[in-house]
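None of the figures in this text is laboratory data; all of them are computed from the coordinates on show. Model, not experiment: these values are computed from the prediction. Every residue, glycine among them, receives a Cβ derived from its backbone with ideal geometry; neighbour counts consider all protein chains shown.
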Amino acid sequence: MKVNRRTFFTLAGMAGAVAALPHSAEAISLPDPAAPAKLRLSCQEGVAPGKTVAEKLDFLEGLGFEGFEPGGGGLAGRVEELQKALQGRKIKISAICAGFQGVPISEKEAERKKAIDTSKEILTAAGALGSTGMILVPAFNGQTTLGNKEARELLVTKILPELGDHAAQAGTRLLLEPLNRGECFFLRQLADAASICRDVNNPGIAQMGDFWHMTIEETNDMGAFISAGKYLHHVHIASRKTRNMPGEDEGDNYTVGFRGLKAIGYQDFVSFECGCKGKDRKQILTDAVKLIKENWAAA
Ligand code: MG
């Protein structure tokens, strides 16, 4: 239906009828989380200080971290190593950071197949490690010639159903990651990822949000996380101007976003994906944790 000014006023007048529409009902009320949100910190393997996995885990556990995020490249060959390293510890594997080859929304079938095959291998390993999900970017800038409409259709009807089934069988998820325009144009906002998850409607397909990309693409962190809602199963965090440790840029603040996570009763991890400007990584990471906890308490 084409809504002109007149129709709009007529619809607005039908307040009761409008409120009965599911979209309107969701739009006007904040979610009421089943359980209070938890702040569960995680750190990417390459960000954590230490020479060995054991050293990294020791340091992170000492700071109260609950999650560890390895890369997906070669993960199948590391399952035993990581399981052993985590034995008897409180810390768990959080998400798996990408690591697949090929391009899920390439115009070339061989590239798509490579992305599917290598993602399935990582998903199987992710499931064995009890991971919340494997992160996937549909295409970086320059990796596909498909237009937005064609790429979305391909993703929603073919690629994601196949990967979602595999992920669910493996006991994990595929997590779509929206990036910023400097890295991709296809998927840049959390609400867009959520609408893809909704349309795929597969228990193995979910999404994440990354504060760094959100700084560039979102107008409101809280609104973005609420839009993602039940589909949100991982969050990346970094400083907001230069993608270093939280607190290394002036004005770093995550309170508004954390309000969104609290509104949806978020239960998954907030994971460090960032560089480090300063020399004393251990101290800077310790300070970052303090800032994040303060912001969480203020949210
Ligand atoms: Mg990220």
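The table below lists the values:
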read-out	value
Among residues of region 188-214, those that are within 12 Å of the ligand (Cβ to nearest atom) and farther than 14 Å from Lys230 by Cβ, counted	5
Unique residue being in contact with a helix residue (DSSP H, G or I) (Cβ under 6 Å, 6 or more places away or on another chain) and within 15 Å of the ligand (Cβ to nearest atom) when the list is Arg259, Arg243	Arg243
Helices (runs of 4 or more DSSP H) wholly inside region 40-134 that include at least 2 residues being closer than 22 Å to Ala151 by Cβ	109-128
Any hit, region 212-229, residues being touching a His at 6+ places or on another chain (Cβ under 7 Å) and closer than 21 Å to Glu183 by Cα	yes
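The rows are residues; the columns are (1) in contact (Cβ under 8 Å) with a residue 12 or more places away in the chain; (2) buried (at least 20 other Cβ atoms within 10 Å of the Cβ); (3) touching a Lys or Arg at 6+ places or on another chain (Cβ under 7 Å); (4) of a type in the set (Gly, Ala, Ser).
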residue: Ala168; (1), (2), (3), (4): yes, no, no, yes
residue: Gly171; (1), (2), (3), (4): yes, no, no, yes
residue: Arg181; (1), (2), (3), (4): yes, no, yes, no
residue: Asn202; (1), (2), (3), (4): yes, no, no, no
residue: Ala224; (1), (2), (3), (4): yes, yes, no, yes
residue: Gly229; (1), (2), (3), (4): yes, yes, no, yes
residue: Leu232; (1), (2), (3), (4): yes, yes, no, no
residue: Val235; (1), (2), (3), (4): yes, yes, no, no
